[in-house]
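To start, the structure itself, in structure tokens.
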Amino acid sequence: MLICRNFQFAFDFVSNPAGAPILGSWISLVLMRILLVEDNPSLAKSLSEALTQANFAVDCMHDGEAADHVLRTQEYSLVILDLGLPRLDGLEILRRLRARRNRVPVLILTAHGSLEDRVKGLNLGADDYLSKPFELDELEARARALIRRSQHHESADVTCGPLVFDGVERSFRLDGELLALTKRERAVLEVLILRSGRAINKEALSEKLFGIDESVNPDAIEIYVYRLRKKLEGSRVAIVTLRGLGYLLEEKADVAPPAPSAPPAPSVD
């Protein structure tokens, strides 16, 4: 059994110059402990290090039987579960976990095009999935959202001004109204809003869409972005293009109303 373990305490916080602690609103003063189940040693190492840097404690298992054993004896805030594992596959680990009435949030990692495995995982009680390859920023964002929702019962919504993404229903509302989107448009907008103000290029966006059904030409991304811009038109949210970096979802700055015109000067007889 191979185990890699890194510990970082969420209550190791930073103080501002005035002495007041700076804490994320979702973080409680307890250890946020994650079980990462991934059989690829190099990927497991990089994910473990990234999550540790994000102030999580990470236990890492490389085979299914080891993961199933530790889940029977240890408590975690989140399980990140690869499906293709030796000795016991991820779906069986998930089935056993839920059969024990363990409601720990589970984020499953899936390979390209594995729609059937994603559906099985969600039906067995997984809370979310992420298709490989993925970016560490998105993994961290999804991990935080799942832990926040499970431990603090806060909203899983992600917002950008008047645009609200419901991470449970995978739907968008703009100014309180449900935004009608195609599957591709919703996928593009989800990636943009989860990146928290960081730009992403066409190629990376295209990779994010691979897992939906088939590969997409990066040039087609321009079409989806154009359609999304039309649907966001007139609101305080916009998709902007940053030269050399890609697309960025941002809230528009409020436009100051025009200054009132000066009253006409009194006439002089």
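The values are calculated or read from the model by the stated rules, or taken from the named source; none is laboratory data. If you're wondering where the values come from, they're calculated on a predicted model, not measured in any experiment. Cβ sites come from the backbone with ideal geometry, for glycine too, and all protein chains shown count toward neighbours. Keep in mind that these areas ignore ligands, DNA and RNA; they rest on the heavy atoms of the full protein, side chains included. Shrake-Rupley method; radii C 1.70, N 1.55, O 1.52, S 1.80 Å.
Odds and ends about this structure:
- Rounded percent of accessible protein surface that carbon and sulfur make up, segment 158-251, 1.4 Å probe: 48
- Solvent-accessible surface ranking, highest first, for D89, D68 at 1.4 angstrom: D89, D68
- For segment 158-251, the per residue solvent-accessible surface stands at 52 Å², with DNA, RNA and ligands left out and a 1.4 Å probe.
- Set of aspartates and glutamates near K230 by C-alpha distance (under 14 Å), chain-local residues within fewer than 8 positions excluded: E185, E222
- Residues F165, F134, ordered by accessible area of protein heavy atoms at a 1.4 angstrom probe radius and largest first, appear as F134, F165.
- Of the whole protein surface, T241 contributes about 80 Å² of accessible area at a 1.4 Å probe radius.
- Cα-only Debye scattering, segment 158-251: base-10 log of I(q)/I(0) at q = 0.10 Å⁻¹: -0.22
- Proximal charge balance of P162 [Cβ under 11 Å; K/R count +1, D/E count -1]: 0
- Across segment 242-248, computed HN-Hα scalar couplings (Karplus, 6.51 cos²θ - 1.76 cosθ + 1.60, θ = phi - 60°) run 9, 4, x, 10, x, 9, 9 Hz from first to last residue, x flagging Gly and Pro.
- C160, C60, reordered so the largest accessible area comes first (probe 1.4 Å): C160, C60
- Per residue, the convex hull spanned by the alpha carbons of segment 33-154 comes to 97 Å³.
- Cross-link table K132/K252; K231/K252; K183/K252, entries beyond 23 Å C-alpha to C-alpha: K132/K252; K183/K252
- Simple spin-label estimate for R227 and A99 in nanometres, 7 Å along Cα-Cβ: 4.3
- Relative contact order computed over segment 158-251 (Cα-Cα under 8 Å; 6+ residues apart), in percent: 29
- 3J(HN,Hα) couplings calculated from phi for segment 115-131 with the Karplus curve 6.51 cos²θ - 1.76 cosθ + 1.60 (θ = phi - 60°) are, in sequence order, 4, 4, 5, 4, 5, 4, x, 5, 5, 7, x, 5, 9, 6, 9, 9, 8 Hz; Gly and Pro show x.
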